[in-house]
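Worksheet: one structure, shown below.
Since every read-out is calculated from the coordinates, none of them should be taken as a lab result. Predicted model only: the values in this text are computed from it and were never measured. Neighbour counts are summed over all protein chains in view; Cβ atoms, including those assigned to glycine, are modelled from backbone coordinates with ideal geometry.
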Amino acid sequence: MKDVQNSEDTRGIAIDRVGVCDVRYPISVLDKDNKQQNTVATIDLSVDLPHHFKGTHMSRFIEILNRRHGEITMKNIPEILDELKERLDAERSHIEISFPYFLNKAAPATGKKAQIDYNCCFIAESGKSDNDFILKVEVPVTSLCPCSKEISEYGAHNQRGYVTIEVRTRKTDSGEWDFVWIEELIEMAEQSASAPLYALLKREDEKFVTEQAYDNPVFVEDLVRNVALRLKQDERMTSYRVKTVNHESIHAHNAFAVVQSSNWTNF
């Protein structure tokens, strides 16, 4: 049959990215405690398209994804990127894999466990000679306002914050990226806040978390600086970006802050 996609286009305009997006797909990711975790991802796959091609072959994106049988990690993403370039005659390829990641988290006083989820994303791109990879994790936390604590005769207002951490890691001699567990970034965010969030809390746990937050007040500025300092001290990280948004409890607006390393670049 005639291959219309391979026919010549005469408009002289190259396309930066073309592909498939919002693909819902079951995947398996590495889990620090259980080795692997099954989840469902939303995936975007794309390549560049030279000006002389009319279109790309959309079915090949799905074929390449299916060949991995849902197992997607930092280690095999470069293979996916390279195959995208080869099968689609492209110089650049791009992938974004967004998924919920679940931890069975114990309450701080009673130890009762319940599942809590975190939004995560693998973002990777391959050019002519090199691959680039970003691990992105969003962590909900509690923050208590230092100013409110200082000026109030009793109590202090607190809020739920969302810490988004994006990191690039160092490449090893074998050409692979230094591995970072999702759990490690979650822990960095929670240790930088007034208190973590939990799915299940009994009365003893609520008392513990409330007092923990009161003893560890942080502004939104403190929160991003605390996370950035931990990332800066980790030799595996080559660049990072941290954004925190506090959903204010006594204001009609939210507060946010961003810190990124001087060599941070977006795709």
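Table for the structure above
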| read-out | value |
| --- | --- |
| Cleavage-rule hits, trypsin sites (Lys or Arg not before Pro), the stretch 78-164, DSSP coil, Cβ neighbours within 10 Å at most 10 | K128 |
| Radius 15 Å from Cβ of A195, net charge of other residues (Lys, Arg +1; Asp, Glu -1) | -4 |
| The stretch 133-166 versus the stretch 86-128: alpha-carbon centroid distance in Å | 23 Å |
| Among [x] 72, 46, 41; [y] 77, 40, 36; [z] 73, 68, 38, the entry that matches Cα extents along the principal axes in Å as calculated here | [y] |
| Exposure proxy ranking, count of Cβ atoms within 10 Å, fewest first, for S152, S262 | S262, S152 |
| Environment charge at R170 (Cβ cut-off 12 Å; Lys +1, Arg +1, Asp -1, Glu -1) | -2 |
| Residue-averaged 222 nm ellipticity for the chain, from DSSP H runs of 4+ at -39500 (n - 2.57), nearest 500 | -7000 deg cm²/dmol |
| All lysines inside 20 Å of K171 as judged from Cα atoms, apart from same-chain residues fewer than 8 positions distant | K75, K128, K136, K232 |
| Angle in degrees between helix 77-87 and the longest Cα principal axis of the chain, rounded to the nearest 10 | 20 degrees |
| Karplus-derived HN-Hα couplings along the stretch 88-99 (A = 6.51, B = -1.76, C = 1.60, θ = phi - 60°), whole Hz, x at Gly and Pro | 10, 6, 10, 8, 9, 9, 8, 9, 10, 10, 9, 7 |
| Within straight-line cross-link reach of K207, aspartates and glutamates at Cα separation under 13 Å, skipping those fewer than 8 residues along the same chain | D215 |
